[in-house]
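**Student:** Questions regarding the structure given below will be posed in turn.
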Ligand code: NI
């Protein structure tokens with residue numbers, strides 16, 4: 001590996017607190033594998049959808065529920081937090097084919113009344 005790249009790696013090891021270079025490189029390889037899982041539409045992936053919304057928003061809650069009931073993938077678990085008088089935060093662990101998971105997340109996040117939404121890449125971890 002070139003000195004410049006090695007220097008960047010060592011800085012990364014230091015910054016993130018890895019015990020050694022090998023552990024940092026293992027994580028980078030795993031991240032690449034997960035990224036590949038997410039671009040390969042054939043396999044199943046696990047995603048974590050986070051949304052923040054105002055539950056007073058007319059019909060939003062029922063639209064969210066309706067979308068979930070009609071989705072072909074699996075919602076493994078939902079965590080719902082009532083943040084304050086108005087705002088709710090939901091975390092959903094979802095499983096399905098890559099494209100299907102992304103479409104579901106896009107549909108949920110783009111609904112009127114959703115204040116914030118993001119889809120986090122995760123993995124079942126089976127391949128490594
Ligand atoms: Ni709530």
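The values are calculated or read from the model by the stated rules, or taken from the named source; none is laboratory data. All of these numbers come straight from a predicted model, not from anything done at the bench. All Cβ positions, glycine included, derive from the backbone under ideal geometry; neighbour counts span all protein chains shown.
**Student:** Across the stretch 111-120, which residue is nearest to the chain's Cα centre (by Cα) among those that are more than 16 Å from the ligand (Cβ to nearest atom) and modelled with pLDDT of 95 or more?
**Tutor:** Result: 120.
**Student:** Can you name every residue in the stretch 44-88 that is in a loop (DSSP other than H, G, I, E, B), over 18 Å from the mean Cα position of the chain (by Cα), more than 11 Å from the ligand (Cβ to nearest atom) and surrounded by 12 or more Cβ atoms within 10 Å (Cβ to Cβ)?
**Tutor:** Of everything in the stretch 44-88, just one residue is in a loop (DSSP other than H, G, I, E, B), over 18 Å from the mean Cα position of the chain (by Cα), more than 11 Å from the ligand (Cβ to nearest atom) and surrounded by 12 or more Cβ atoms within 10 Å (Cβ to Cβ), namely 57.
**Student:** Please determine, by comparing only the residues of the stretch 91-106 that are buried (at least 17 other Cβ atoms within 10 Å of the Cβ) and touching a helix residue (DSSP H, G or I) at 6+ places or on another chain (Cβ under 9 Å), which one is farthest from residue 123 (Cα to Cα).
**Tutor:** Top of the filtered list is 104.
**Student:** Give 29, 52 a once-over and let me know the one that is at pLDDT 90 or above and under 27 Å from residue 90 (Cα atoms).
**Tutor:** Selected residue: 52, the only one of 29, 52 that is at pLDDT 90 or above and under 27 Å from residue 90 (Cα atoms).
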